[in-house]
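See below for the structure under consideration.
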Ligand SMILES: [Zn+2]
């Protein structure tokens, strides 16, 4: 891959390449910015630069160390991510990201708990690197650390191990504990221009025509067959009949993935707002007629209330209310 294949992040690359050349490496970095802006790929390239056999600097991308890092096989480069029953290897995660399925993975994943931080970071971070110069820990979705886990990690940052570099990846520094984010070097990834975004999407998804979407989450809803089917079902349900008919229609036993249902409903409601404000970037284009009709009936205040209902449902979901109960409430109220 190499640094030169990272698109649209000139300032980030200038800064990181400069640090590698001068050998001025921080203990911890916070790579933050929107999805698909290159945070993950940049972290991998930076890890190569730290461990390249040709010396600290711009990675050669050819030596055994660079190659191992590309294949997620380097013993000193660790990838930490929210655990999920199905996928546990860094390789799997890299593949899911490439296929735009990482968001779906996240929905099924637990938070990054204290055991992960203890087992994979605290225990490892103070050991000398096996074969590289630096141990590198890349923490994906760092905002998903539980409070307990974050505190355990904070202790490590307070006594930073000598040859270890942490790269935390998230969308915004405000999602992390200030005590953590203040101990990291912030590296901001910008929104990509339309042209750069098209290039990236083409690389990830080939020549498939993409609806004009703004984030990886939205894309993965369309690219994952099950999720897309659920999106269409929600659309049909959402735009049909009164509440009673809707409850009856939905009344079929199935495993509910309530978090994704709530997320899909958010997307429908945001579409209604966009229609009301004459904005483009409608996501559920296949329901545009229905969306127009429905949004004509509601005031902005009604729509605001619907967002509140979704927020409440999300809280209920976080507090382990039974999914069926949340769903029934949603159908009646929304
Ligand atoms: Zn190399």
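Values quoted throughout were computed directly from the atomic coordinates according to the rules given, and no laboratory measurement underlies them. It should be emphasised that the depicted structure is a prediction, and the values quoted were computed from it without experimental measurement. All Cβ positions, glycine included, derive from the backbone under ideal geometry; neighbour counts span all protein chains shown.
With respect to being within 16 Å of the ligand (Cβ to nearest atom), farther than 23 Å from residue 192 by Cβ and touching a residue at least 24 places away in the same chain (Cβ under 8 Å), residue 56 fits the description. Considered as a group, the residues in the stretch 1-32 that are under 13 Å from residue 192 (Cα atoms) and touching a helix residue (DSSP H, G or I) at 6+ places or on another chain (Cβ under 6 Å) include one that is surrounded by the most Cβ atoms within 10 Å (Cβ to Cβ), and that residue is 6. Under the condition of being over 16 Å from residue 121 (Cα atoms) and within 16 Å of the ligand (Cβ to nearest atom), the residues counted in the stretch 74-98 number 0.
Scanning the stretch 59-73 for residues that are touching a helix residue (DSSP H, G or I) at 6+ places or on another chain (Cβ under 8 Å) and within 11 Å of the ligand (Cβ to nearest atom) returns 59, 60, 61, 65, 66, 69, 70.
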